[in-house]
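Structure record follows, encoded as structure tokens.
FYI, it's all coordinate maths here, none of it is from the lab. Because the structure is predicted, anything quoted here is derived from the model rather than measured. No Cβ is skipped: glycine too gets one built from the backbone with ideal geometry, and neighbour counts run over all protein chains shown.
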Amino acid sequence: MDKGAYILILKNDECRIQVGAQGQRTFSAGWHAYVGSALGPGGFSRVMRHFRLNRDKNKSPRWHIDSLLLSPYFQVVLACCIHTEERIECHLARHMTGTVIVGFGSSDCTCEGHLFYYPSDPYEYILRNIQSFAEKEKKTFQIEVRTP
């Protein structure tokens, strides 16, 4: 199964960028984690699209996350891919420990946001969040780390 949810980890400098209809938003220097879904027909090829867009910066933005991927201030570090056929991205977003960026990536759900800010590398926190979520839900997930 090459589908599921993912958490994209990005490192960035302080910046102010246009985020779709939300307008200009300021992002503090540090790290951001974006929780997304890869349940569509392409599965985790969406993560590869994110990697390519961040590297090539060659397409117009389609989703909120694209604004970050196209920015010269943001660099994708890795993605934690969580293999599942269940729609868990909103549940994962509610378990994230970072500071939520309200309204980012959540225009199609009731979550506060799907992007989270961390002042330092959040990788270990995110792995613990996934494990904590799995324990709470009494589930076992295969977690795969992919890098650009």
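Structure summary
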quantity: Within-12-Å neighbourhood charge of Leu39 [Cβ basis; K, R +1; D, E -1]; calculated: -1
quantity: Helix-only [θ]222 nm of the chain, DSSP H runs n ≥ 4, -39500 (n - 2.57) each, per residue, nearest 500; calculated: -8000 deg cm²/dmol
quantity: Sequence-separation-based contact order of segment 32-101, relative, with Cα cut under 8 Å and 6+ spacing, percent; calculated: 35
quantity: Options (1) 23.0, 79; (2) 14.2, 42; (3) 17.4, 55 - which one matches Rg and Dmax of the Cα atoms in Å as calculated here; calculated: (2)
quantity: Rel. contact order, % - alpha carbon contacts under 8 angstrom, at least six apart, segment 4-146; calculated: 29
quantity: Proximal lysines to Lys139, defined as alpha-carbon separation beneath 28 angstrom and excluding residues fewer than eight positions away on the same chain; calculated: Lys3
quantity: Chain lengthening between Glu112 and Arg16 when straightened (0.36 nm per residue, less Cα-Cα); calculated: 32.5 nm
quantity: Cα long-axis angle, helix 123-137 against the chain (0 to 90 degrees, to the nearest 10); calculated: 40
quantity: At R0 = 22 Å, FRET efficiency that the Cβ-Cβ distance of Arg128 and Val77 yields, to 0.05; calculated: 0.80
